[in-house]
Amino acid sequence: MPFSELLVPIKSFLKCETPDEWVKEAIKPENFSMLLLDHLICELKASQSAMFLIRKYAVDKESGNALLEWLKPFEQYIYKREGNWRDLAAKNKLTKSVVPKSNSPYGQDLIDKMVLLIKEELHHFYQVLEMMDHYDVEYKSITPSRYAKGMLKHVKTHEPDTLIDKLICGAYIEARSCERFAKLAPHVDKRLGDFYISLLRSEARHYQDYLELAQSISPEDITEKVVCFGKVEADLISSPDADFKFHSGIPT
Ligand SMILES: [Fe+2]
Ligand SMILES: [Fe+2]
């Protein structure tokens, strides 16, 4: 499937398109390293939040520990600056099969989709490090953008709504990332543009997976909830935002 077709459901899911002002800001040479650094952190965050969900809701203790071990070298590289980034490619593996805890109402489907997603996000993380190496962008820590927090503050505090809302937020983050990669690709260096295009397919599937999981877990139709988060997301994207990041709003 050509990527323009892949974007059709994503564009109708998102309540607004990325404003041109953001694209203009993003392709300024002075924002190049911020864009890559924030992208790197987004890939790690994506794997962390998927892992958090299955550890909290679905897996037994032993599987939970194996999951944490898997993520450890990646987190240590970012938070403690430990290890060599090139060694991380070989560390993207889970050492045991992940099984549901006996009293979990959420099944193997949640686990399987999230484990695959984590694996892919960690692979993307490594690929961004390769890009940073290629373009000579050095890793440094940055502050998080308002985007994810801005959506997560609308998550309900009772179950199963908490889980369902978080899955819907996950769907929006993935869909927006996918849309922005497609927007940026024609304007950046070919190597980076090809990388962005290569990410579209998995991010498009991630958005679908999150949405399907949310509906399968919810006892009710989730359409209204999706519309609600869609408005919040569109507002974060189309309102002024002084802090330029991968998911930021209109630059001021
Ligand atoms: Fe990713
Ligand atoms: Fe993703």
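The values are calculated or read from the model by the stated rules, or taken from the named source; none is laboratory data. Keep in mind that this is a model prediction, so the values were computed, not measured. Backbone-built Cβ (ideal geometry, glycine too); neighbour counts: all protein chains shown. Ligands, DNA and RNA are excluded from the accessible area calculation, which covers all protein heavy atoms including side chains. Shrake-Rupley method; radii C 1.70, N 1.55, O 1.52, S 1.80 Å.
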Study note, to complete from the structure: When every residue in segment 137-165 that is crowded, with 22+ Cβ neighbours inside 10 Å and within 16 Å of ligand 2 (Cβ to nearest atom) is compared, the one farthest from S4 (Cα to Cα) is M151
Check your understanding: Does Y106 qualify as being modelled with pLDDT of 95 or more and either within 15 Å of M51 (Cα to Cα) or surrounded by 12 or more Cβ atoms within 10 Å (Cβ to Cβ) (or both)?
Key -> no
**Study point:** Of all residues in segment 46-60 being in a helix (DSSP H, G or I) and hydrophobic (A, V, I, L, M, F, W, C), the one that is nearest to ligand 1 (Cβ to nearest atom)
**Key:** A46
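Per-residue answers, yes or no, for (1) within 27 Å of A214 (Cβ to Cβ); (2) over 14 Å from the mean Cα position of the chain (by Cα); (3) open to solvent by 50 Å² or more (accessible area, probe 1.4 Å):
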position	(1), (2), (3)
S49	yes, no, yes
L71	yes, yes, no
R86	no, yes, yes
K91	no, yes, yes
K101	yes, yes, yes
L116	yes, no, yes
K119	yes, no, yes
Q127	no, yes, no
D133	no, yes, yes
Revision key, fill the gap. Residue count, segment 27-65, condition of a type in the set (G, A, S) and touching a strand residue (DSSP E or B) at 6+ places or on another chain (Cβ under 9 Å), comes to 2
Practice item. From F244, F181, F229, grab the single residue that is open to solvent by less than 30 Å² (accessible area, probe 1.4 Å), in a loop (DSSP other than H, G, I, E, B) and modelled with pLDDT of 95 or more. Key: F244
